[in-house]
1. With a 1.4 Å probe and all protein chains in place, put 15, 121 in order of accessible area, largest first.
2. Would you mind pulling out the separation of the Cα centroids of region 1-74 and region 235-261, in Å?
3. Tell me the Rg and the Dmax, in Å, that the Cα atoms of the chain produce.
4. Please report the accessible area of residue 415 (heavy atoms, 1.4 Å probe, ligands and nucleic acids excluded) in Å², nearest 10.
5. What relative contact order, as a whole-number percentage, does region 365-474 give when Cα pairs under 8 Å and 6 or more residues apart are counted?
6. For the residue pair residue 164 and residue 133, what label-to-label distance in nm results when each label sits 7 Å from Cα along the Cα-to-beta-carbon direction?
7. Using Cα-Cα distances under 8 Å and only pairs 6 or more residues apart, what relative contact order does region 1-81 have, in percent?
8. Leaving out ligands and nucleic acids, and using a 1.4 Å probe, what accessible area per residue does the chain come to in Å²?
Amino acid sequence: MSDATLDPALAARLDGLSSWHADWRGLRVLVLGLGVTGFSVADTLAELGARVVVLAPTVDDDRAELLSLIGAELVLDPAMEEPPAAVVELAPELVVISPGFAPHHPLARWAASSGAAVWGDVELAWRLRDKTERVADWLLVTGTNGKTTTTQLATAMATQGGRRAAACGNIGVPVLDAVRDPDGFDVLVVELSSHQLHQLPTAGPGALRPRASVCLNLEDDHLEWHGSARAYRDAKAKVYENTVVACVYNKADDATLRMVEEADVEEGCRAVGFGLSAPGPSDFGVVAGDDDAGVLVDRAFLDDRRHRALELATTTELDAVGLGADHLVADVLAAAALVRAVDVDPAAVREAVLGFRVDHHRTELVAEAGGVRFVDDSKATNPHAARASLTSAPSVVWVVGGTFKGVDPAPLVADVADRLRAVVVIGVDREVVLEALRRHAPDVPVFEVDEADTERVMPTAVRLAAEASLPGDTVLLAPAAASFDQFTDYTARGRAWAAAVHEHLRGDADGRPAVQPPAPATD
């Protein structure tokens, strides 16, 4: 429930809890969930003297021992459908809910009607951001796709520019861990999922006021969590609220511009667009350079932006470090716009790009044999992400499938049908993609992997895909779906894919190694 409907005395106390140095002692807090985020919340609030109870379905022995050591109580409830007696007896004043709990989850509904305030971990981190004298500027990153790469790029650029910077949030490091760093940071680049944004207030002491923010793109995703495309869009739009310097938007995605136009921002905040074409004043983009190479430029953060532009990097340089694909060029431009809003020098942007390497499982070349490239894009957990890698190759044997989260893959199938050599379908939601293929790609050979043994899924998929491929093809794992039906996460799915590829290509008919892995990255 919103703080506006709380008991007045409790609301007044919570309004005053907007600093690490406020008096948090004795505050009764329920933490829902004990993943990485939930533990960071419990650890932080216990350190501040709150009475902390953690409710979780299971816990490993090590984490249970840690909770005991920090002075937090643990309540286990495998069902997690209604509050146990110990939680009711606590009568929490604050419930901090982990991002995995959807709004319609029974415990989320209970919390909203319990008389307690309901926060997410990001709001708590914002209130506690002043632990050290070095209070960081926050740069916010969201979008359906590209969040992690953009977050990493912006962090590298800020670091190259002499700032002490950290990437945190949905990227894997809880924001609370970053704000508790004893040395503090100059810049926090905070990746935010729609789940985290849903929990954020847009006014009051818990409302974020970032220096710059970006929604990279918007396509339907996580509809089973939010309940509708509109609710998902509205959660993403919160990223721009109260921005101080620059709301960065995608010129190729009108939805992001509309978000900026509707946002309530600080006076003087500017809209800054990024795109792959020549930029107008106040934008970032790409202009023609020598030898047909494009030049990435900034026409936003300079005084004479109507007549000049600042060079950031060339497309040739991006190609050399694996950032040459269109969607990655867009990520570079977005990251540059964010850090230029906190005065990072253009030269530092370029140096950071030259030393950057894209993470594993993001259009990663696993092997090449017989003129066929085997590529791992396991991070493509929705159709929008898969489209980027599918459209970067002219002829593809596509390995697709998983849990589609309520999103229809049919538009993607229709868009890429003309470049499909064959399709191998994995995962539990096979029928939704099989039906899309029957409608939009009826002449494309389709192979279904119906393996009960998860360990056999990828070896079977690789064998079928390799047999269907011809020289010049790309065999591409771009599932367009989440992995949780058969794998613990997208990294486990990608590792299984790479292992199966190497096993399949262990040797050719003459006994020579067939696998030609990419050269290792250097520091």
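The values are calculated or read from the model by the stated rules, or taken from the named source; none is laboratory data. From a predicted model like this one, the values you see are computed outputs, not experimental measurements. Note: ideal-geometry Cβ built from the backbone for every residue, glycine included; neighbour counts use all protein chains shown. Just so you know, the surface numbers come from the protein's heavy atoms only, side chains and all, with ligands and any DNA or RNA stripped out. Shrake-Rupley method; radii C 1.70, N 1.55, O 1.52, S 1.80 Å.
1. Numbers: 15 75, 121 5 Å².
Result, largest first: 15, 121.
2. 32 Å
3. My reading of the Cα-based Rg and Dmax gives 24.1, 80 Å.
4. Near enough 90 Å² of accessible area.
5. Worked out over region 365-474, it gives 32 percent.
6. 1.2 nm
7. On the way: 101 pairs, mean separation 19.7, N = 81.
The value is 24 percent.
8. On the way: 21650 Å² over 523 residues.
Dividing the accessible area of the chain by its residue count gives 41 Å².
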